[in-house]
Structure formats: C-alpha cells, structure tokens
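Have a look at the structure below, then the notes.
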Amino acid sequence: MADGCLVLDFDGTILDTERSRFQTWVDLWSEHAHELTLAEWQRSFGTDDLFDPWGELERRVGSPLDPSLRIRRRSRQNELQAEYGPRPGVMTWLLEARDLNVPVGIASSAPIEWVEANLEMLGIRSFFSTLVCRDDEIPAKPEPISYLLACERLGSEPSRSVVVEDSPNGVAAASTAGLFTVAVPHALTEGLDLSSADVVLPTLPCLEGLTLSDALTRASSIVSGDSHLDGPFHSEPT
C-alpha cells in the first residue's frame with residue numbers, strides 16, 4: 001500500500017489572506033454607510049465565492065460603484081498582506097515533511113495563479129510537488145475532488161495522508177475524501193463548526209501544537225485499527 005502524503009489548503013491555512021481581504025471590504029462598505037458582517041463574509045470560506053461583496057454593496061447603495069474603488073481596495077489589501085508570513089507551525093511541518101521524505105501538495109478553491117504567486121512571494125514554492133486548484137475541471141470545496149487528485153498525483157493513499165484546513169467547507173472536502181484532517185482555525189473561522197475534523201487545534205499555537213509525524217502516525221493507526229494511539233491528540237489546550 002502506498003505511503004501517505006501531506007496536503008494543505010492555502011488561503012487561511014498556509015497564509016492568513018482572509019483577514020486583510022475582509023478588513024478592506026469592511027472599510028469600503030463603511031465608506032458607503034453600510035456594515036459588512038462577519039456572518040455574511042463567512043459564507044464564502046473555503047469554496048467558490050457565494051457572496052459577492054461588490055455586487056451586494058451596489059445593490060444596497062442602489063447604483064453602480066466607481067470601478068477605481070476596486071483597484072484602491074486591492075492595493076490596500078496587498079499593503080496589509082505584505083505584513084503577514086506563513087501561519088505558526090507551517091514552516092516546521094514543511095521542513096519535517098522534507099526530512100521524512102513525505103510528499104507535499106496543495107488543494108485550494110482559489111485559482112492556481114493566486115496560489116503560486118503567493119507561494120513564490122513567501123519563498124516556499126519548492127516545498128510543494130503539486131498544486132491542485134479550482135478551475136473548469138476541478139470544482140471548489142466542499143467537493144472532495146481536489147484532495148483525491150492531490151493524493152493521486154503524489155502517489156499516496158488518502159487514508160494514510162494528512163490534510164490541514166481552516167474552514168468547514170475544506171474540512172468537509174478532506175473528510176469526504178478520507179484523509180486524516182487537522183483543522184487550524186484563524187480569527188475569522190474559530191467560531192465555525194470544524195468538529196468533523198479528526199483534530200481541531202487552537203488558533204494559537206496553530207500547527208505548533210502538533211507534529212506532522214504524530215498526525216501521520218494517527219492516520220495510519222486508524223487504518224490499522226490501533227486504537228491505543230488515540231490518547232495524545234487533543235482538540236483543546238491541556
């Protein structure tokens with residue numbers, strides 16, 4: 001049987017792109033005397049955009065918005081985003097995967113151009129053997145296809161592989177695909193239901209609260225039925 005791999009979501013999991021994007025849309029809405037709530041924003045986490053903040057704001061204002069506002073908002077988001085690096089523990093897991101010769105990939109509901117550009121910016125593109133991103137052939141999560149395809153490309157058995165996710169849609173996709181799922185919520189998803197993950201880590205210390213080798217061992221123990229390995233894993237700090 002093939003060994004396992006590591007597959008990570010990108011937005012919110014490797015890099016906190018959600019906070020800067022949300023804040024700049026909140027600011028734009030506020031300029032037009034409307035409030036963008038977190039509940040509305042959370043509808044699009046980990047999947048295709050079900051919520052269009054531009055179109056919805058135009059609907060509430062009752063007229064088209066100046067297109068230059070899109071450019072200004074994106075510029076401000078880029079300014080904020082430049083201050084962020086990989087989330088806690090991500091580099092540790094990537095280095096551990098390299099040491100263990102565990103293949104690593106990404107499964108994302110974002111376009112590949114976005115994911116690849118940010119990986120290059122962070123200087124970590126070389127850690128990933130495959131990028132499986134939403135396109136005309138690959139549907140967004142919660143469909144499990146991106147995770148199954150990532151395992152196939154990496155030559156790994158899904159049931160022995162580990163996924164890291166930050167959103168309910170992503171957790172649902174990974175669980176349906178049969179991978180051992182580690183949820184790492186951030187400030188905008190920590191109140192959402194991630195309970196279908198095998199392990200839910202605190203927002204901090206995020207992945208620093210668990211090693212990749214422990215997660216892979218747990219995944220293998222489920223396949224082999226070694227229930228005595230269930231003990232060391234906790235969803236809350238002890």
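One residue alone among 224, 235, 167, 220 is at pLDDT below 95, not basic (Lys, Arg) and not assigned by TED's automatic domain parsing to the domain that holds residue 103, and that residue is 235.
Note on the stretch 77-90: residues that are in contact with a strand residue (DSSP E or B) (Cβ under 9 Å, 6 or more places away or on another chain) and part of a helix (DSSP H, G or I) total 2. Got at least one residue in the stretch 91-102 being in the same structural domain as residue 34 (by TED's automatic domain parsing), within 27 Å of residue 170 (Cβ to Cβ), without any contact (Cβ under 8 Å) to a residue 40 or more places away in the chain and not in a loop (DSSP other than H, G, I, E, B)? The answer is no; no qualifying residue exists. Scanning the stretch 155-192 for residues that are under 23 Å from residue 36 (Cα atoms), more than 10 Å from the chain's Cα centre (by Cα) and either buried (at least 24 other Cβ atoms within 10 Å of the Cβ) or among the polar types (S, T, N, Q) (or both) gives a single hit, 189.
One residue alone among 70, 59 is surrounded by 12 or more Cβ atoms within 10 Å (Cβ to Cβ), over 30 Å from residue 216 (Cβ atoms), among the basic types (Lys, Arg) and out of contact with any Cys (no Cβ under 7 Å at 6 or more places or on another chain), and that residue is 70. Just to be sure, is residue 75 under 17 Å from residue 17 (Cα atoms) and free of Cβ contacts under 8 Å to residues at least 24 places away in the same chain? Yes: the conditions hold for residue 75.
Residue count for the stretch 113-146 under the criterion of being among the β-branched types (Val, Ile, Thr) and either under 19 Å from residue 18 (Cβ atoms) or not assigned by TED's automatic domain parsing to the domain that holds residue 201 (or both): the result is 2. Residue count for the stretch 152-204 satisfying the condition of being of a type in the set (Val, Ile, Thr), over 17 Å from residue 93 (Cβ atoms) and not in a loop (DSSP other than H, G, I, E, B): 2. Within the stretch 118-139, residues that are of a type in the set (D, E, K, R) have Cβ atoms under 8 Å from residues that are crowded, with 19+ Cβ neighbours inside 10 Å and part of a helix (DSSP H, G or I) in these pairs: 125/119; 134/146, counting only partners at least 6 apart in sequence or on another chain.
When 39, 33 are screened for being of a type in the set (A, V, I, L, M, F, W, C), loosely packed, with under 13 Cβ neighbours inside 10 Å, at pLDDT below 95 and out of contact with any Leu (no Cβ under 9 Å at 6 or more places or on another chain), only 39 passes.
Taking into account only those residues within the stretch 103-120 that are part of a helix (DSSP H, G or I) and out of contact with any Leu (no Cβ under 9 Å at 6 or more places or on another chain), which is surrounded by the fewest Cβ atoms within 10 Å (Cβ to Cβ)? Checked the stretch 103-120; the qualifying residue surrounded by the fewest Cβ atoms within 10 Å (Cβ to Cβ) is 113. Within the stretch 205-215, restricting attention to residues that are assigned to a helix (DSSP H, G or I) and either of a type in the set (Val, Ile, Thr) or touching a Phe, Trp or Tyr at 6+ places or on another chain (Cβ under 8 Å) (or both), which residue is nearest to residue 102 (Cα to Cα)? The qualifying residue nearest to residue 102 (Cα to Cα) is 212.
The values are calculated or read from the model by the stated rules, or taken from the named source; none is laboratory data. Quick caveat, the model's predicted, so the values are computed rather than measured. Every residue, glycine as well, gets a Cβ built from its backbone with ideal geometry; the counts of neighbours run over all protein chains shown.
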